[in-house]
1. Check which residues have an amide H placed less than 5 Å from B:MET77's amide H, if you skip close sequence neighbours.
2. Tell me, in nm to one decimal, what length is gained between B:VAL194 and B:ALA37 on full extension, where the rule is 0.36 nm per residue of separation less the Cα-Cα distance?
3. Assuming a viscosity of 1.306 mPa s and a temperature of 10 °C, what translational diffusion coefficient in µm² per second does Stokes-Einstein assign to the protein assembly as shown, Rh being the Kirkwood radius over Cα pairs?
4. When a footprinting reagent is the concern and you count Cβ atoms within 10 Å, what order do B:SER91, A:SER316 take, fewest first?
5. What are the equivalent ellipsoid semi-axes of the range B:242-323, built from the alpha-carbon gyration tensor (square roots of five times its eigenvalues), in whole angstrom, biggest first?
6. Would you look at the GNM of chain A, springs on alpha carbons closer than 10 Å, and say which of A:GLY290, A:GLY313, A:GLY300 moves the most?
7. What shape does the range A:162-236 have by the C-alpha gyration tensor, where a ≥ b ≥ c are the square roots of the eigenvalues, rounded means a/c under 1.5, and otherwise prolate means a/b greater than b/c and oblate the rest?
8. Out of all Cα-Cα pairs in the range B:15-94, roughly what percent, to the nearest whole number, are more than 18 Å apart?
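What follows draws every value from the coordinates through simple rules; no lab data is involved. Since we're looking at a predicted model, the values are computed, not measured. Here Cβ is always computed from backbone atoms with ideal geometry, including for glycine, and neighbour counts include all displayed protein chains.
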Amino acid sequence: MRNSRIGLATASLIAVAGLTLSGCAAADETEAVSTDSAASTATTAGDTYEVYALLPQGNDQPYGTTYLPPMEAKAAELGINLTITNSEYDGDKQASECEVAVAAQPDGIILWPALADTIRPCLEAANAAGIPVWITNADVNPEDTELTYGYSGTDSYGQGAASAEMMCEFVGDNSIGIIQINGLTGNSVATLRGNGFKETIASTCPDNVEILAEQPGNWNKDESQIAASEMLTAVGVENVGGMYAADDSMVAGGIDAFKARGLDPKDYIITSIGNTFLGNPLVASGELMGTVFQSSSWDGENAVVGIYRAMTGDTSLGRDDDASVLYMPNPTVTIDNWDAADVTPEW
Amino acid sequence: MSSTNSIQIGQQETSFWGRLRLTLARRTEGRGVALLAVVLVVVAFTEPLVFTAYPVSLGRIALIGLVALGLTAVILMGELDLSVASTLALSGVVMAMIPDVALGVIAALAVGLVVGMINAFLVAIVGINSFIATLGMLFALRGLGFVLSNEAPVRMANTDAGIAFGLPLLGPLTPRVLIFIVAFIALQIFVSRVKAGREFFAVGGNRQAAYDAGIPVKRRIFTGFLISGFVASLAGAINTLERTAADPTAGSTVLLASFAAAIIGGNYLKGGRGSIVGTLIGATALGVLQVALTLTGVQVPVQQIFIGLILLLAVTTDPANLRAVLGSIRSVRQGRLKSQT
């Protein structure tokens, strides 16, 4: 009984301390806001800008590792102080980070949505606080674009579609069955690329390419090898004439699965997305027939360019002006151009 | 003339400091309180915005703490529930699939109770180790969430209701924070004032003795897992409402954070020792630390180093571990002295 009283007393103490702190904080809040306003005025005069970059990955992923340095370099060039977070593709964590960012009252927020479907409350909060939000890498849902100042990055759906167009072109008048390896289940980019690929196959070469099975590879080479191996067993190796993977790491895993069965990948029509350090040599060797180039440096750099435009008034809320969308060029890479300077792999 | 014989074990402390010392020795939250004090002082100097933006900090504490509170009920009995994150995700998906918000919340909570019931059945009746049983449930529930959601986030039909739910309700406090406070008070009263709750400590401390004392051990295990499942599904419903959509991959960082909060708060993983207050303290320390690290832009790997070190500090400074270490040092020294003589 005594213990429980002490427990409640401790809790009460914490509550009182919290409320006291809250009271102090409330008193200081007006001062903080006015200081922020002054900072904001100073920034428009050419000083530094404070920007939060809410990303779902960072140095823990190959793409993030090469996305960050150009982003930071561009930010330094434009006088932007970046505070970068990494939610590890956890939508709840990113939402909490967004609350923290809004509370910090920065001049702008760069947002790479971990999950496009769960991001609207964050956009509403930033909008209510008058903080411009620029979306990078993966766009928000169409109904949420009105709450953003713009988007720079890939056309994820278009990348899937471009990979499918290559597949249809390589197949020609023949008919084959393929297996499909998708990205992380539920992830916006994975969903868009998957839909782009499937819908383009269905519209461009429905009689020539049949998707026999699909599995997530979670953007991971090892998991993709297992997924591909299981699909080959499930549908029968003899029925498979090709493979599509949503990125080069996963296609490398899938190709390893073919090799483990004693199959020569060069005999199969395989396409992917990325043209990474892993994928480019596979294109050169002929094991990967085609991939879609994606530049992480362009992506990181233009995220900063976008928020700078938003903060300086070059683009406004919504997507009404041409400057509000910057699509990354996504050329296809095949055996004919794998060593061209404009498609040199970056990640 | 009659004489009274009494046996006194140990020395009775009557002074204030003596009683305080005894009280502190009995409590398990000491390390958590010390850690929280250090975190609050450091953060106050380095990132005072954590306190200025206190509604955000409270929201983060509630995010980590709610699942941890439910988990504590199981940990006190020496059991584990690894399925909480999957329960959170599945209940969120079920809720978002139902257009009516109220019905959706009820369905989500029902999912948590059913999951708790299955976990308890596997542990108490079938006799499977709780680590293995709930690990199996972790995968099964995650898979079920993916199947039901068609492997994609499920948007709520009424997103306005969700956005309204995320707004402050009482002063600066959002419904999430208020629910967390209510859950804390309810569980604290249950564990400290209600007989069934107090028996959790007996079940965790010495299960055979609990059986011998006539405590319905299996019923208590059912109660513990029901609480854990219910609270996890409550967190899932809150997350879905606040985000206006359910994510079948949700909760990927919840499981470890919840365990960390409970351990930092002094809860003993083998059961029998710990408290709900301790979990609150652990969640507060972790939440404040995470908000401060986010505000300062510290990268996730470095954040993980901080949290890992704190966890290690919490475990290695456990009085039982310290006594064991001191005992080992003493016996080594005595051995050396003997060999010298």
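1. HN-HN under 5 Å from B:MET77: B:GLY272.
2. Extending this stretch completely gives an extra 53.5 nm.
3. This corresponds to a translational diffusion coefficient of 58 µm²/s.
4. The most exposed by this proxy come first: A:SER316, B:SER91.
5. Sorted largest first and rounded, they come to 25, 17, 11 Å.
6. The residue that fluctuates most here is A:GLY313.
7. oblate
8. Cα-Cα pairs in the range B:15-94 separated by more than 18 Å: 65 percent.
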